[in-house]
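Student: Take a look at this one; I'll ask things after.
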Amino acid sequence: MEVMLEIPVSHIDGNLVFGKDGTVWTFFGIQGFGYDFREDEEKMRPFQQQLSFLRNNGHDLHFLVVPNPTDVTEVCEETIQRMSEDDYLLKEEGIAFMRQQKQAVIQQRNQSESNEYRAYLGIQLDPKKNKHREGNVGTNLIQSVQEMIEGLNTPVYRAVGLEPRDILLADISAWRDQAESLLATIRSAFSSAVRKLTAVETLYLIEKVFSVTNQDVKVRESFSVGDQVKGEDDGKVHQAVRPNEKAFFDLQNANVDEIGPKTLCLSKIIDNEVHETYVQYLVCYDMDEVQYHPGFEWLYHLQSSLPFPVSVSIRAHHQTNARMLKRLSNARLEFQDQREEAQKGGTNVDLSVSESESGAIRMESYFKKSGKPGYACSFVFRVNAPDEKTLKTRVNQLRNELARYGISVVSPYGEQMNLMMETIPGSKANEDYKIEVEPGVLAGMMFGATTNIGDGQGVYIGYTKYTGRPVFVRPDLAAKAFDSVKNVVDSISIMVAGATGKGKSFFMNLLTYLCVLMGSMALVIDPKGDRKEWAKGLPFIPKEHISVWTLGESEADAGCLDPFRTSVDLEEAKDICMDILAYLANIDIEHEEYTILSEAIEEVGKMQDPCIGGVIDYLRDLYKKKPENMSQARHEAVERLKATLETLRRNQLARLLFGEVGQDYRVLHVEKPLQVMMVQNLNLPDESVKKHRISHKISEAILISLTAFTKQYMFKQDRYRHKIILQDEASSIDRSTVGSELMDFVVRKGRYYNTTLLKGTQNATDYNEEVANMGMKFSFGLRSTREAEEMLDYFNLPRTRNNVEILKNLGRGEALFQDIYGRTAEIRIDPVFEDLLDAFDSSTATKEEREREKKRIGS
């Protein structure tokens, strides 16, 4: 006969959990905050925030840390589903690629057991229902009788049609308001985004206790836990919910066997096959009395130090300072009685008694001075394994890891079932293994600190360096304003920096490629011509969907980059034209030529076909037909300006920039999913060049004009279609005021126009103030300490020696990544397929040379 375990929950409403013991809990999801890269002083900030919360809190708490193995299948299938609902040219190729990538990544990940840990906090809303209450047995009994009488007077007992177990909708609304009022407090306490759980997520937490495999707990969207009922009392109608407690039986969809006093075996039939897992629960029975921070972040370090998943449940029952002092005083009197009795018998007390007495005295003194409350805690750990031998090994590893922090754990004899039920939200805690601690001990474990990184949806770009956790990103996610996404930055632009040869360009190519397969439109500005081979096609992207335009190869390209033809509107065109020509002619506002140039551009702007050639023609006419009121000095200035621009006009490269009136030029239409724009013979100066030659200046001016075109590209494409603009060698544009302003505009307005600027440069110092408006940030290896320190500032991380060394010692293909939630981790970029490595690698090594090198290393 099948025996069902009694789920301790009677009803669920959103993030409210109604326990059968009369308690009402509210549960919140803690997004998590980065911790590893902080210096000691900054590590005190989250500690102090949590300590303040725990000191002022008057509720019982339930801390839950639940490992969720990163389900590559689920993430990829979700992406495929989103792609299949879209309509774009590369839809079939994109879905085919995603299916192949999914299988390859699953095969990789099966070799490791990486997990994404999620933190949840439960708060018992009614302090009257706290485990520990003020007063003695007599006063508590009187209070309980009063509460019972009050309860009998409620409508559920008096209204016709209602039953005692019904829950009034008015009461649910009041509990919901109380839970809402706690949200701001919790957000400030845990240094991260906090969200209320939905009923679906709360059910998931309960069912997770009976989980056997990584994918056996599914989202129950249509789960019903109660029925609407009405009752009438003295003509007044009361609406309520009648809990359907039998509905919770379905959550216990696994067979639970006690195969030993310390081991459970959970089994379940999935797809006509029996799956099972072995489980052992452990509890903490001893912990060092005084902890120091930083240094006691045991809960945080478990997430990265153990190669297998561990669930942690901590029930923390609030005790006032007065109660703690009274209990410690009573304990001290008991030790004194033991000492007196021992003296009467002519013996000494046991050493452990003396140590316990000394500890009680210290704790009593501490609570007297601090005025802090205390917490009676139950720490429960769950370890899973596919077999009993592996389970034993993992339990020993957990025990040894906790021992490093002065924490002793034991697996109680015959208590496995009870401990399993204790981890369910809304349940009771065990009475036998209580650890009484001051708030600093709970704050110091760093609940909420996380090693998670990425969006958990979108495209796979690699894995974390030390834990091997798959990293997925969705570049347009920050612009969606989804309630479920608690990002701390709203920009969808991406910053990429790194020294030459560290993998910066490879990553930008890979991310752009993956976005195009997902349905994005991409424009790649390639000043170095590294992407010529793309014209032959890329894996899964046929060449007919790629346009590689090398500007300057054809006569039809002449004049196509004239700022009057690449800018969004006339006013912007005039500003850019003024900036470019003043830069090329080496004139400033205090020069006579500057005023003349400004007047010429204004006049040309009134023409039907404005262009730089028209500006030169205007100056030539002005010189030939000197006005009577023009001074000789001004006339000479016109001559100098005209001669300079005519000289520049003859430059082969400048022909792209200097349009002619009535010219039949090639229009920049970007309709293909992937458009690459290169410029032939571009000569960009590097950072070491002090004096720029004219070819350097023209090359930079061309990039500025191309950047102006990116705005036009952003405006004229479908706003609901995600666009990505890859701007390589962005430092050359940033050196110009107008170029920097143009890129900053794309960054700031990119969210509205659904456009990601993928901005790449070699040096961290190339980024200016707009870094504050960037979303995701990637830093590949940097050479100098100064560069590393600048980059740490951009990441809002401290300039510690360790952080600087991390940035300087990143290997090829490794990056420091900060996501839109403010979390930071070291990751390895993984193209998955050799074909992509060959297509995007910018090194000079041939495929044959790489194969020979692999064989050489292997030998």
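Student: Of all residues being closer than 14 Å to residue 754 by Cα, part of a helix (DSSP H, G or I) and touching a residue at least 60 places away in the same chain (Cβ under 8 Å) in segment 697-720, which is farthest from the chain's Cα centre (by Cα)? Just the residue, please.
Tutor: 712
Student: Just checking, does segment 211-220 include any residue being of a type outside the set (Val, Ile, Thr), surrounded by 13 or more Cβ atoms within 10 Å (Cβ to Cβ), part of a strand (DSSP E or B) and in the same structural domain as residue 390 (by TED's automatic domain parsing)?
Tutor: no
Table: residues versus (1) assigned to a helix (DSSP H, G or I); (2) not basic (Lys, Arg).
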{"site": "606", "(1), (2)": "no, no"}
{"site": "614", "(1), (2)": "yes, yes"}
{"site": "617", "(1), (2)": "yes, yes"}
{"site": "629", "(1), (2)": "no, yes"}
{"site": "637", "(1), (2)": "yes, yes"}
{"site": "645", "(1), (2)": "yes, yes"}
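So that you can scan it fast, the table gives a plain yes or no per residue for (1) of a type outside the set (Asp, Glu); (2) without any contact (Cβ under 8 Å) to a residue 24 or more places away in the chain:
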{"residue": "173", "(1), (2)": "yes, yes"}
{"residue": "177", "(1), (2)": "no, yes"}
{"residue": "198", "(1), (2)": "yes, no"}
{"residue": "208", "(1), (2)": "yes, no"}
{"residue": "246", "(1), (2)": "yes, yes"}
{"residue": "263", "(1), (2)": "yes, no"}
{"residue": "271", "(1), (2)": "no, yes"}
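Student: What's the number of the only condition in (1) at pLDDT below 90; (2) within 22 Å of the chain's Cα centre (by Cα) that residue 299 fails to meet?
Tutor: (1)
Student: Scan segment 569-580 for residues that are surrounded by 19 or more Cβ atoms within 10 Å (Cβ to Cβ), closer than 18 Å to residue 606 by Cα and either of a type in the set (A, V, I, L, M) or without any contact (Cβ under 8 Å) to a residue 12 or more places away in the chain (or both) and jot them down.
Tutor: 573, 576, 578
Student: Considering each of 656, 706, 682, 641 in turn, give the residue that is outside the structural domain of residue 560 (by TED's automatic domain parsing) and out of contact with any Pro (no Cβ under 8 Å at 6 or more places or on another chain).
Tutor: 706 is the lone residue from the list that is outside the structural domain of residue 560 (by TED's automatic domain parsing) and out of contact with any Pro (no Cβ under 8 Å at 6 or more places or on another chain).
Student: To continue, here is another question. Kindly establish whether residue 36 is under 20 Å from the mean Cα position of the chain (by Cα) and either more than 30 Å from residue 250 (Cα to Cα) or free of Cβ contacts under 8 Å to residues at least 12 places away in the same chain (or both).
Tutor: Taking the combined requirement at face value, the residue satisfies it.
Student: Which is at pLDDT below 90, more than 21 Å from residue 744 (Cα to Cα), outside the structural domain of residue 684 (by TED's automatic domain parsing) and surrounded by 17 or more Cβ atoms within 10 Å (Cβ to Cβ), of 476, 455?
Tutor: From the options 476, 455, the qualifying one is 455.
Student: Can you say whether residue 120 is touching a residue at least 12 places away in the same chain (Cβ under 8 Å) and over 24 Å from the mean Cα position of the chain (by Cα), as far as the supplied structure shows?
Tutor: no
Student: In this structure, is residue 468 closer than 29 Å to residue 207 by Cα and in a loop (DSSP other than H, G, I, E, B)?
Tutor: yes
Student: Right, residue 47: buried (at least 18 other Cβ atoms within 10 Å of the Cβ), under 16 Å from residue 121 (Cβ atoms) and of a type in the set (Phe, Trp, Tyr) or not?
Tutor: Numbers: buried (at least 18 other Cβ atoms within 10 Å of the Cβ): yes; under 16 Å from residue 121 (Cβ atoms): no; of a type in the set (Phe, Trp, Tyr): yes.
When the stated conditions are applied, residue 47 does not pass them.
Student: Looking at segment 246-275, which of its residues are among the charged types (D, E, K, R), surrounded by 16 or more Cβ atoms within 10 Å (Cβ to Cβ) and under 36 Å from the mean Cα position of the chain (by Cα)?
Tutor: 268
Student: While we're on this one: Taking helices (runs of 4 or more DSSP H) that fall entirely within segment 30-131, which contain at least 3 residues that are of a type in the set (Gly, Ala, Ser) and touching a strand residue (DSSP E or B) at 6+ places or on another chain (Cβ under 9 Å)?
Tutor: none
Student: Go through (1) buried (at least 22 other Cβ atoms within 10 Å of the Cβ); (2) more than 22 Å from residue 107 (Cα to Cα); (3) touching a Lys or Arg at 6+ places or on another chain (Cβ under 7 Å) one by one and return the number of the condition residue 470 breaks.
Tutor: Failed condition: (2).
Student: Report yes if residue 266 is of a type outside the set (Gly, Ala, Ser), over 18 Å from residue 212 (Cα atoms), modelled with pLDDT of 90 or more and not in a loop (DSSP other than H, G, I, E, B), otherwise no.
Tutor: Working: of a type outside the set (Gly, Ala, Ser): yes; over 18 Å from residue 212 (Cα atoms): no; modelled with pLDDT of 90 or more: yes; not in a loop (DSSP other than H, G, I, E, B): yes.
Spelling it out, it is not the case that residue 266 is of a type outside the set (Gly, Ala, Ser), over 18 Å from residue 212 (Cα atoms), modelled with pLDDT of 90 or more and not in a loop (DSSP other than H, G, I, E, B).
The values are calculated or read from the model by the stated rules, or taken from the named source; none is laboratory data. These numbers come from a predicted model, not from an experiment. Cβ: placed from backbone, ideal geometry, glycine included. Neighbour counts: every protein chain shown.
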